[in-house]
Amino acid sequence: MRCGTIALVSSRPASAQHLRDLARLRRVKDRIDREYAKPLDVEALARGVHMSAGHLSRAFRQAYGESPYSYLMTRRIERAMALLRRGDLSVTEVCFEVGCASLGTFSTRFTELVGMPPSAYRREAARATAGIPSCVAKQVTRPIRNREAPAASRN
């Protein structure tokens, strides 16, 4: 009986701590969603929730299945896709508009997630989404991460 009581008592603080950590991770995720175009790095995100960068990265990956940096880049690429579909900005302007500092890194990550370079996407998206409401176009053109691609190809 004593052993069960100790386990019960010791699990309560662990559960409370776990819930506090999840709330802090959600704040990080919300901040990335809001401030994706600003210069963000894991250290700054971690400082904002009083965690070490390493702990934040591990906990974020465990909770959401990807690192904070990967999540940030996915948000930036999703926004870039919308701007490229709109068609009034150049690829370089879109790159800087979504918060990327390097056109090379932006193009590489865009190609990894979307499957084609930003310039090709801009041409294709203009044709493919003509006449489709933007809210629908956003859903059907959402990037598929590489780890999700095999599952999609089986269907």
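The values are calculated or read from the model by the stated rules, or taken from the named source; none is laboratory data. Quick caveat: nothing in here was measured; it's all calculated off a predicted structure. With ideal geometry, Cβ positions are generated from the backbone for all residues, glycine too; neighbour counts draw on all protein chains shown.
Observations
- Number of residues in the range 48-75 that are among the charged types (D, E, K, R) and surrounded by 18 or more Cβ atoms within 10 Å (Cβ to Cβ): the value is 1.
Yes/no per residue for (1) closer than 21 Å to residue 31 by Cα; (2) at pLDDT 90 or above; (3) surrounded by fewer than 18 Cβ atoms within 10 Å (Cβ to Cβ):
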residue: 80; (1), (2), (3): yes, yes, no
residue: 85; (1), (2), (3): no, no, no
residue: 89; (1), (2), (3): no, yes, yes
residue: 96; (1), (2), (3): yes, yes, yes
residue: 116; (1), (2), (3): no, yes, yes
residue: 127; (1), (2), (3): no, no, yes
residue: 150; (1), (2), (3): no, no, yes
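- Selection from the range 71-117 of residues that are in contact (Cβ under 8 Å) with a residue 40 or more places away in the chain and of a type in the set (S, T, N, Q): 74
- Within the range 65-94, considering residues that are within 17 Å of the chain's Cα centre (by Cα) and of a type in the set (Gly, Ala, Ser), the one farthest from residue 47 (Cα to Cα): 82
- Those residues of the range 31-45 which are part of a loop (DSSP other than H, G, I, E, B) and not hydrophobic (A, V, I, L, M, F, W, C), in sequence order: 36, 38, 39, 41
- Residue list for the range 48-69, restricted to those being in contact (Cβ under 8 Å) with a residue 24 or more places away in the chain, more than 15 Å from residue 19 (Cα to Cα) and in a helix (DSSP H, G or I): 68, 69
- Flag if residue 112 is assigned by TED's automatic domain parsing to the domain that holds residue 135, acidic (Asp, Glu) and closer than 27 Å to residue 25 by Cα: yes
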